[in-house]
């Protein structure tokens, strides 16, 4: 949240901060037993009471700028929250997700300011936990008539996905992107959020392309990420208001590189269909023509390689020849 203040490591270590952390632990000590009791009883009538407690914990952490702090009850608190995610109380679970995402967001930012030893604490089990949160949200979207906008979760989800590396936690990125795609399909994303999604997708596409370029052997996890990204991009491309974001040369170049590293017909088919939509428009052709020659030539070679295996690749060859002839005529 906007009210969170990033604290330096020195500030955390000073006497006043230690006193604040102790007070935080004392206040949490009075709240955690109530949550433990709720887990044991699991009474639907008590859900509102549990939600009230979780809201109080959120407010307490926010008031004390303590989402990132190492305090006595931090680990027990996180364990309790993850236990509560597994209970069949969606409203309570969504409030917990909001709290957990805030912990992830602040800890990511905070880690830029602290030592390696402090980082190791914050990242301990983070990848597994984050993946669990995204899987839970996806499951909830399928099983419940839940509107994440009501809980102000969508922007937090986007921010966490952007700051999660494919290299260290590709499963969380995959699950997070699929969650956003589901929200887009359900028409739950505002235009500004869709724009952020495009930015996030190209960010991870670039990361994946760089990793595949530096690896000597193909890596299935990066291919999967690229495939998930392209499916989402293809859907977002249907929105004409987002078209200008796709026309950036640096973004189109990453799409071409993504095709270069695809090792199967399914991925090639998806990528060629996406590029086909782009070159079908004159401004799309003009933008494609400005991509680095080496990437574009590589792209044409791949189309030639797959022309007999992937129908869309053969069609795209013809389409590009025709479209670029029109561009040449336009300049003449």
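The values are calculated or read from the model by the stated rules, or taken from the named source; none is laboratory data. All of these numbers come straight from a predicted model, not from anything done at the bench. Cβ coordinates were reconstructed from backbone atoms using ideal geometry, including for glycine residues, and neighbour counts include every protein chain displayed.
General observations
- Residues (closer than 20 Å to residue 142 by Cβ and surrounded by fewer than 16 Cβ atoms within 10 Å (Cβ to Cβ)) located in segment 183-197: 185, 186, 187
- Segment 175-209 - residue that is out of contact with any helix residue (DSSP H, G or I) (no Cβ under 7 Å at 6 or more places or on another chain) and not in a helix (DSSP H, G or I) and, of those, nearest to residue 160 (Cα to Cα): 190
- Selection count, segment 1-33, where residues are touching a helix residue (DSSP H, G or I) at 6+ places or on another chain (Cβ under 9 Å), in a helix (DSSP H, G or I) and modelled with pLDDT of 55 or more: 8
- Tally, over segment 153-168, of residues that are part of a helix (DSSP H, G or I) and either under 15 Å from residue 206 (Cβ atoms) or at pLDDT below 90 (or both): 5
- Flag for residue 294 being more than 25 Å from the chain's Cα centre (by Cα) and over 17 Å from residue 203 (Cα atoms): yes
Every residue, every condition in (1) out of contact with any strand residue (DSSP E or B) (no Cβ under 6 Å at 6 or more places or on another chain); (2) in a helix (DSSP H, G or I); (3) at pLDDT 80 or above; (4) more than 25 Å from residue 131 (Cβ to Cβ), yes or no:
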position: 35; (1), (2), (3), (4): yes, yes, no, no
position: 40; (1), (2), (3), (4): yes, yes, no, yes
position: 56; (1), (2), (3), (4): yes, yes, yes, yes
position: 66; (1), (2), (3), (4): yes, no, no, no
position: 82; (1), (2), (3), (4): yes, yes, yes, no
position: 95; (1), (2), (3), (4): yes, yes, yes, no
